[in-house]
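Visitor: Here you go, one structure.
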Amino acid sequence: MKHVLIINAGQKFAHSGGRYNQTVTKSTLAFFAGLEDVEVTLTNIDEGYDKDEEVKKFVWADYIIYHTPMWWFQIPNGFKKYIDEVFTAGHKKGIYHSDGRSSQNPEINYGTGGMLQGRKYMVTTSWNAPKTAFTLPGEFFNETSIDNGPLFGFHRMNAFTSLEKMESFHFHDVEKNADVARDMDEYTRHLETIFTPQLKK
């Protein structure tokens, strides 16, 4: 039996109602519902959570899937608060033991004190920006990818806990030119590509 934790970081704030990430979350739930020997649990951050229970979910899970919009080129404030509270509560309780260094040689091994070895994570993001803003010369993000740019710190955060990164999936132009049916079809194919080999092991 494989355990999957889905974290929906969609948030109601200003003009955002979190609906797009609700749709992505539903697509993820539908994908895993069609598989055998998979147990799924879901956290909707905007509905509230208990930080100690969330720590237990991370320890329980084989795979963590984060769904987040991007606001002002970063994760939303509610998601950042969740990470700060849950990961801190997980100190010596299954998420991380220390920063990995020793007092004998404090210059090396930073970031090696995680406790989530053997587990993997995947993240999806949703953007108003078109994909070309990241890929075309002269466009806004200077040909820097989402994973190496806006999400760099997010990925290092997960590495700090010893989680292994799986290939991300990014939704673009979701405000001006959203094609939800197309997006969900492409995303489902991504899930099939990423998880089918994993779940057969």
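We did not get these values from a lab; they are worked out from the coordinates using the rules stated. Fair warning: this is a prediction, and the values are worked out from it, not measured in the lab. As a convention, Cβ positions derive from the backbone with ideal geometry for all residues, glycine included, and neighbour counts pool all protein chains shown.
Visitor: Sort through Val24, Val86, Val4, Val38 and tell me the only one that's of a type in the set (A, V, I, L, M, F, W, C) and out of contact with any strand residue (DSSP E or B) (no Cβ under 7 Å at 6 or more places or on another chain).
Guide: Sole residue among the options that is of a type in the set (A, V, I, L, M, F, W, C) and out of contact with any strand residue (DSSP E or B) (no Cβ under 7 Å at 6 or more places or on another chain): Val86.
Visitor: Being surrounded by 12 or more Cβ atoms within 10 Å (Cβ to Cβ) and in a helix (DSSP H, G or I), is that true of even one residue in the range 3-11?
Guide: No.
Visitor: Still on this structure, please answer the following. Just the residues that are in a loop (DSSP other than H, G, I, E, B) and surrounded by 20 or more Cβ atoms within 10 Å (Cβ to Cβ), please, taken from the range 114-126.
Guide: Leu116, Arg119
Visitor: Still on this structure, please answer the following. State which residue is farthest from Gly118 (Cα to Cα) when the search covers only the range 17-40 and only residues that are out of contact with any Lys or Arg (no Cβ under 6 Å at 6 or more places or on another chain), without any contact (Cβ under 8 Å) to a residue 60 or more places away in the chain and outside any helix (DSSP H, G or I).
Guide: If we take residues in the range 17-40 being out of contact with any Lys or Arg (no Cβ under 6 Å at 6 or more places or on another chain), without any contact (Cβ under 8 Å) to a residue 60 or more places away in the chain and outside any helix (DSSP H, G or I), then Gly17 is farthest from Gly118 (Cα to Cα).
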